[in-house]
Structures are given as C-alpha cells and as structure tokens.
Amino acid sequence: MKFIFSYLKKYKWMVAIAMTIKLSATVGELLLPYVLEHLVDDVAPSQNVKMVFAWGGVMLLLVIYVRQANVKANRLSVRVAKESIYEIRRDLFWKSVNLSGGQLDEFGLPSLNSRMTSDSYNLQSFIQSSQTMGIRAPIMLLGGIFITLTMDVGLASILCIMAPLLIVAVVWVSMKGIPLYDKVQKGMDDIVRIMRENITGIRVVKALSKEDYEMRRFEDANTRLAGRDIRAGIVMALPGPIMTFMLNVGLTIVVLVGAWRVNGGVTRPGVILAFLTYFNMILMGVMGLNRVFMMMSKANASADRISSVVKQEDELLPVPAEEAAVTERKEYIVFDHVSFSYGKTVSEEGENPDRARFDGLERQKCLEGIDFSVKKGGSLGIIGATGCGKTTIINLLMRFYDADEGHIFIDGKDVRAYEKDELHRLFGAVFQNDVIFADSLKENISFGRDVDRRELEAAAEDAMAREFIENYEDTYEHKAVVRGANLSGGQRQRVLIARALAAAPRILVLDDSSSALDYRTDAALRRAIREHHADTTTIIIAQRISSIMSMDDIIVLDEGKMIGHGTHEELLESCGMYQEIYRTQMGN
C-alpha cells in the first residue's frame, strides 16, 4: 500500500475533500432514520400538520443533500483515481522501456503487459472505491451501532455482539485472499503470453494447421487461471453468505424482541422502524467493507507486481571516467577479449512464473574470448550458425547487457562510460524481427526524429524502398497496419533499413535484415551504403555469404567462439566452416 500512497500524496487535499464530503453525506444518511423515528413517535401523535410537513421537509432536504454530496464526492474520487493511475502507468511504461536486457528477460514481456493492463486496472478500482466506499462503509457500520445505542441499548446490544464477529471474518478472509490473487495475476501472465505468441505467429499456426494444438495450450493455461480464480473467489465470497445469515438472524431477533418490548410499553414503534433501517445500513456497511477488503487484496497484489518493476534500479548506469577501461588500440570499434553468459531461466512450481528466477550458478555461455576491431568507416560481416552469438555481439556493443569479461570500446571510449542516449544516438540499427508500427511510412522511417523530407527520401532511396513507396497513391503517408501486415517481407525490411539510415548514424547495424530481399536488391542496397554512407561504420549480420563477402573484415562464429577472422579471400583459404558455407550457398 505504500506504493499506492506515494502517488496519492500530491492529491492529498483533493482526497481529503472527497472523503470529507462523503463523510458528511453518510452522516446525512444516518440521520434519516433518526428523523423518521422522531416524526413517527413524537410529531405524528401531536397531530400538528405544520410540524409534520416541517420535519418531512427536513427529510427531503437531507435526501437532496446526500444525493448531491455523493455525486460530488464520487466525481472527485474518479478524478483522483484517473490522474494517479495515469502517473503509475506512465512510470511503469517508462521503466519498462528502460529496463536492461537482463531485467527484460527476468520479468518477461507477457508479465509486463499484464502489469500495465489488469494490474493497473485493479489499482484504479481500489483508489476510486477507497475514497468513497472506504469512508461510507465503516461510518455506516459504526455510526449505525452508535445511534442505535442512544435509542435502545437492549436492541443495540444484539448488533454489538454480531458486528465484531463479522469484521473479524472479513479481515481474515482478506488476508487469505492476497496471495491467492497474486497467483491469479501470474496465471493471467500465461494467458497474455500465449495470446501474444499466437497473434504474432498466426500465419505459422495456420500454415501448419496447429489451431487445435494452440487451443489446447490456451485451454491448459485458461484452466489453471480459472482454477486459481475460483479458489480466490470462493475464499473471498465466504463473508457474504456468513454476514447475510448472521445479520438476518440478528434482524429476526430485533423484530421479535422489539415487538415484545413495544407490547410491554418499553420501546416505541418508531424506534423499531428506525432499528430495521439501521440494521440494513449496518448490513450495507459490512458488505461494503467486505468489498473494499476484496479490492484491497487485489490491489495489494497488483501494487507489489507494479512496484517491483517501477522500483528496479538502473543496471546499466554510466561508470565514472576513473573506473572506465582504457585501450591503446586505435580502431573505431574494439572488442577486447569479451566473454558473456546469459542467466538460465528456472521456472517456479513447474509453471511459467510471472517473474523468472535467474540462478547465478547456472549460466549459459554465449560468447567466449571475442576479440576484433573495426576501423572508422570500415565494415564488418558476422556469419555463423543459428545461436552462435551473432546478435549477442550487437547487444553488448549497444550495451543492452554488460560483458562478463573483457571490454568494448567505441572511438577509444569504454561503452560503459557513455550516457545511454549518447551511446544509442551513434547507431542506426535493424534487428531480427524488428517492428513496423501502425502509422504512416513517413513516421515509421523518421520515428520521431528531426528528419526533413529530403533526408527521408534519400534514406528510402538508399534502402531500395523509394520506388514501392511512391507507387502508393498517398506515398509516404501510406498507413502501415500493426507489425506491417499489409507490407511484404521485403518491403518491411526496406522500410526498417530506411529508418536506420534516416538519421545518418555513425554506426549502421543490420542484423539479418536482408533475408527477404532478392540478390539483386541486396547487392544494390550494399552498393548504396558504400557510396552514400562511406563514413559510416557498418556491421552486417547475415546468413547469406553474398551479403558480407565484400566487407572489409568478416568474423565466423561457432558456439560463441571466433573460429575465423579476415577478408573473404583469406577465410576461403583458412576457415573450414566458411569454405563449407560458401560451397553450400555459392556452388563451386
């Protein structure tokens, strides 16, 4: 709850006003039965019509005030909830997009999605209800008991016996509900993950006729979620029937005892009428408390999940200059005996957890002893089998992760010493499975950067994208749908390459970004980069040897180790794996 309250501090006066108005409205509701009792027992028997209308007017004014005050309080509470949850979502999004690669691996994208959606909704519901129902329910309960004590101690003692029992039951059930709702949210993460995988890979699912298989996967996850939700629902629903039963029993006792006391002249009829109304108010108060505690249980679990992301420390802060590594090598990019391991994900309870654990004793070696350099304006090709660590080299160069051993330098400076934005502004990059956003082609290429029309068209020209873009009637204003589904694979890759080239980067990284291009377009692309971006240092990761054979240097990776380094001609003489790739792809 401290996490939620930290966001409510700036709205404390608005919260205080809303709660004060709600308090006054609840007090007005509590006064209505008291006025009614006075009207029935004292005013009506006097047969004074003016007094009857006067007290009736008092009741009407109370009703009007209660209604207007409730509307005002509810509006204030909605405003506080919307504005505070806006800030929570903003901070959650900002932290999510600034997590390190290791932290993203740790939380998982489906879990981050569900925290942004269902968890933030739980917090919004709690913040809104706690300002209104959180005041109304206890005041109804305690105020009802207090007023009935002033009216008839004997009848009120029945309520005093039952109310504490009901409160204890509500609190106990709420404490049990928090861990149950935490498991429900973890189950929701699984649902989001499977949905995300299937929506992204829908063509593969359909092409392989695996709809039934994916449906079974979804049903398994959905069944687990439903089971957890049912268990949580059963536990949280226990107070409802218990409270209803106990209060109905109490109400029956009040009616019987009240009738007996009225018959004996000890109690007046108006008191019994007021008692019945207060009994219903007390019932609503207890039920309201139950609902607040239920929402608090969900909100507490959701707040823990959101705060665990928002409070993450930045792992990749710039190191002080005195702690940064130095190098005597003069090349623009230097990898100095770099090794790196990914943490091995260990699932909890045999299921997909909402947050994976990383066991430091179980590390998966990805790169070992990587040592190479690239001169400024030079080019480097990287080739090797799937999973050999090609993309990891780029992840380390752009400092999405830090190397376990060795050092990486750009322009003689340790990459760890760069500010994050300063480092990333050096790059134009196209990654594997990169994203086309649901926006115009112009916005997809410029991507919020200060790119004028001339630079935009030049980037599209160099990326071999200008021709097909200008064939559209609306040219660069043509809208791409989500993930560029209305573009072909080659068109998507050319738009992504244009995006990378648009801001004239110092380092251009193309990670398997021409796999959907024909050989002629691929060759024209590489020629345009050489001619128009001669000062740009280029790194190309490719599966096709034709895409890298003209590079100044090529490294060959196998299981995280460099087994070849040199020009195309040198590798044909010295590297058996490179020779095999060449023969397989290019013939003799």
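Checking the Cα-Cα distances for K95/K298; K365/K390; K2/K311; K12/K72 against a 19 Å cut-off, the pairs over it are K95/K298.
Counted by Cβ distance under 11 Å from S307, the other residues give a net charge of +2, where Lys and Arg count +1 and Asp and Glu count -1.
When both bridge partners sit in the chain, DSSP labels roughly 55% of those beta bridges antiparallel.
Projected onto its three principal axes, the C-alpha set of region 479-588 covers 49, 30, 28 Å, listed from the longest axis down. Rounded to the nearest whole angstrom, the semi-axes of the ellipsoid equivalent to region 454-516, taken from the Cα gyration tensor as √(5λ), stand at 19, 15, 9, largest first.
Taking the Cβ of N98 as the center, what net charge do the other residues with Cβ under 11 Å away carry, scoring Lys and Arg +1 and Asp and Glu -1?
That works out to -2.
In this view, the solvent-accessible surface of V266, computed with a 1.4 Å probe and all protein chains in place, comes to about 100 Å².
In the chain, the longest principal axis of the Cα atoms and the axis of helix 576-586 are about 90 degrees apart.
Heavy-atom accessible surface of the chain, averaged per residue, reaches 51 Å², computed with a 1.4 Å probe. Both the radius of gyration and Dmax for region 357-462 are 17.1, 53 Å, in that order, over alpha-carbon atoms.
Annotation for region 70-91 versus region 487-514: alpha-carbon center distance of 42 Å.
Surface composition of the chain: carbon and sulfur atoms hold 57% of the protein heavy-atom accessible area at a 1.4 Å probe.
Here the chain is assigned +1 on the Cβ of each Lys and Arg and -1 on the Cβ of each Asp and Glu. Its dipole about the Cα centre then comes out at about 3040 debye. Loop-resident GluC sites (Glu not before Pro) (DSSP state other than H, G, I, E or B) in region 387-476 with no more than 10 further Cβ atoms inside 10 Å of their Cβ: E419, E473. Dipole size of region 9-122 about its Cα centre, with +1 on Lys/Arg Cβ and -1 on Asp/Glu Cβ: approximately 540 debye, rounded to the nearest 20. About its Cα centre, the dipole of region 246-335 is roughly 1180 debye, where the only charges are +1 on Lys and Arg Cβ and -1 on Asp and Glu Cβ. Over the chain, the ratio between the Cα radius of gyration and 2.2 N^0.38 Å evaluates to 1.39. For the pair region 253-288 and region 422-453, the centres of their Cα atoms are 71 angstrom apart.
Considered as an equivalent ellipsoid built on the Cα gyration tensor, region 88-171 has semi-axes of 47, 13, 7 Å, the largest given first.
In this label model, L256 and K376 are separated by 9.7 nm, measuring between points 7 Å along each Cα→Cβ vector. Please find the FRET efficiency linking D402 to E83, where r is the Cβ-Cβ separation and R0 is fixed at 60 Å, and quote it to the nearest 0.05. Given R0 = 60 Å and the Cβ-Cβ separation, E is 0.95. Distance between the 7 Å Cα→Cβ label points at Y65 and Q585: 8.3 nm.
Over the C-alpha atoms of region 1-59, the Rg to Rh ratio, Rh being the Kirkwood estimate, stands at 1.37. Site pair I230 and R520 shows an inter-label distance of 6.2 nm when each label is modelled 7 Å from Cα along Cα→Cβ. Other residues with beta-carbon under 12 Å from the beta-carbon of M281 carry, at +1 per Lys or Arg and -1 per Asp or Glu, a net charge of 0.
Under 5 Å from the amide H of S379 lie the amide H atoms of T538, D552, D553, each residue being 5 or more positions distant or on a separate chain, with H modelled from the backbone and absent for Pro and chain starts. Both numbers refer to the Cα atoms of region 207-306; Rg and Dmax are 23.8, 85 Å.
The values are calculated or read from the model by the stated rules, or taken from the named source; none is laboratory data. Just so we're clear, the structure is a prediction, and the values are computed from it rather than from any experiment. All Cβ positions, glycine included, derive from the backbone under ideal geometry; neighbour counts span all protein chains shown. Surface accessibility is based on the protein's heavy atoms, side chains included, excluding ligands, DNA and RNA. Shrake-Rupley method; radii C 1.70, N 1.55, O 1.52, S 1.80 Å.
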